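> Sharing a structure with you now.
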Amino acid sequence: MSSPHKALLETLAGRMSAGQFDGLDAFFTDDFRLHDPGKPQWPVGRAGAVQMIQGFSALGEDLRLDVLDAIEEGDKVVVRWGVAWTRDGVREQAAIIGIYRFADRRIAEDWGVATRAPWP
């Protein structure tokens, strides 16, 4: 990762993978918006960011987020994520595509789609 935006996403993933969830809402703007077709009433602002972070922390043990690909253009970065965790002794995986818009070096918007299946 070379840009500050990509580096911020790597740092966010690294902290979450290390179980360091406190203070991660500082990575998001005060008016952050999550655009998820399955969650149209998601809270705006840091409350929405905190709720999203709590969703990841609740997945299970040994959470691992990996940036598999990242493409940047202007104020947006597209990421192909690999996510894995252990719940009740079973290792689970998800694949996520996210588009992030940045403002003042923080995440202002997130358009994401996830599926509970690994990338082939």
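Every number here is computed from the coordinates shown, using simple stated rules; none is lab data. All values derive from a computational prediction rather than experimental measurement. Cβ: placed from backbone, ideal geometry, glycine included. Neighbour counts: every protein chain shown.
> Under the condition of being charged (D, E, K, R) and assigned to a helix (DSSP H, G or I), which residue from the stretch 11-63 is farthest from the chain's Cα centre (by Cα)? I'd like the intermediate steps shown before the answer.
So the first thing to find is which residues in the stretch 11-63 are charged (D, E, K, R), and the list is 15, 22, 25, 30-31, 33, 36, 39, 46, 61-62.
Right, trim to assigned to a helix (DSSP H, G or I) and you get 15, 25, 46.
Values: 15: 11, 25: 11, 46: 14 Å.
Applying the filter and picking the extreme gives 46.
> Continuing with this model, one more query. Test residue 66 against the criterion of being on the phi > 0 side of the Ramachandran plot and assigned to a strand (DSSP E or B), and give yes or no.
Details: on the phi > 0 side of the Ramachandran plot: no; assigned to a strand (DSSP E or B): yes.
No, not satisfied.
> Another question, then. Out of all the residues in the stretch 70-120, which are within 19 Å of residue 6 (Cα to Cα) and basic (Lys, Arg)?
Selection gives 76, 80, 101, 105, 106.
> A further question on this structure: Could you list, ordered by first residue, the pairs with Cβ atoms under 6 Å in which the first is in the stretch 94-120 and touching a residue at least 60 places away in the same chain (Cβ under 8 Å) and the second is of a type in the set (D, E, K, R) and in a strand (DSSP E or B), at least 6 apart or interchain?
The qualifying pairs are 100/110; 108/101; 109/33; 109/101.
> Here is a further query. Within the stretch 11-48, can you find the residues that are free of Cβ contacts under 8 Å to residues at least 24 places away in the same chain, of a type in the set (D, E, K, R) and either more than 22 Å from residue 66 (Cα to Cα) or out of contact with any helix residue (DSSP H, G or I) (no Cβ under 7 Å at 6 or more places or on another chain) (or both)?
The answer is 22, 30, 39, 46.
> Considering only the stretch 84-118, state which residues are touching a helix residue (DSSP H, G or I) at 6+ places or on another chain (Cβ under 8 Å) and in a strand (DSSP E or B).
100, 102, 106, 107, 110 - these are the residues of the stretch 84-118 that are touching a helix residue (DSSP H, G or I) at 6+ places or on another chain (Cβ under 8 Å) and in a strand (DSSP E or B).
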